[in-house]
1. Would you point out which residue out of 33, 7 is farther than 26 Å from residue 96 by Cβ and either surrounded by 13 or more Cβ atoms within 10 Å (Cβ to Cβ) or modelled with pLDDT under 95 (or both)?
2. Please specify each residue of the range 72-83 satisfying the condition of being free of Cβ contacts under 8 Å to residues at least 24 places away in the same chain and either in a helix (DSSP H, G or I) or under 22 Å from residue 115 (Cα atoms) (or both).
3. Please specify each residue of the range 43-63 satisfying the condition of being buried (at least 19 other Cβ atoms within 10 Å of the Cβ), over 15 Å from residue 104 (Cβ atoms) and either over 11 Å from the mean Cα position of the chain (by Cα) or aliphatic (A, V, I, L, M) (or both).
4. Residue check: is residue 69 of a type in the set (Gly, Ala, Ser), part of a helix (DSSP H, G or I) and more than 17 Å from residue 6 (Cα to Cα)?
5. Between a first residue in the range 1-22 that is among the polar types (S, T, N, Q) and a second residue that is assigned to a loop (DSSP other than H, G, I, E, B) and surrounded by 13 or more Cβ atoms within 10 Å (Cβ to Cβ), which pairs have beta carbons less than 8 Å apart while being 6 or more apart in sequence or on different chains?
6. For residue 40, state whether it is outside any strand (DSSP E or B) and crowded, with 16+ Cβ neighbours inside 10 Å.
Amino acid sequence: MLDSLNVLIIDDNKGITDMIHKLLTVSGHECTVSNNGKNGLVLIDQQNFDTIILDLAMPEFTGLDVIDSLYKSGKIKDKKIIVLTASMVDDEKEKEILSKGVKAVLRKPIDADVLLSILKN
């Protein structure tokens, strides 16, 4: 059994946030959901999350905008961020994202076992 984590899920797709929320709460974790990048950034500033699960492709304020904001403020080094993407992120973009402090990049559809394994580590 994993230690209970406080997880923030940021994804504009409510179906995806509902599914991940259900998976993580059944696994014993506390979850907060934001379906908007700007709101997610506000939550990151207001609360302490053990892990942030972040979609890259969101309208208006993307996951990349969230990463860049955290990187520029120096706050990213204190965060464990797992990025989700449905788009094909090329190797160069993935290296750039990881170099800024993101811990993992997962492609949608998400494999639940892989996500839980990354959370555990």
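1. 33
2. 72, 73, 78
3. Within the range 43-63, 44, 58 qualify.
4. For residue 69, the condition - of a type in the set (Gly, Ala, Ser), part of a helix (DSSP H, G or I) and more than 17 Å from residue 6 (Cα to Cα) - is met.
5. That search, which allows pairs on different chains as well, returns 4/29; 6/29; 6/49; 6/50; 13/35; 17/11; 17/35.
6. Taking the combined requirement at face value, the residue satisfies it.
The values are calculated or read from the model by the stated rules, or taken from the named source; none is laboratory data. Bear in mind that the values here come from a model prediction, so they are computed numbers and not experimental data. Note that we place each Cβ from the backbone using ideal geometry, even for glycine, and neighbour counts take in every protein chain shown.
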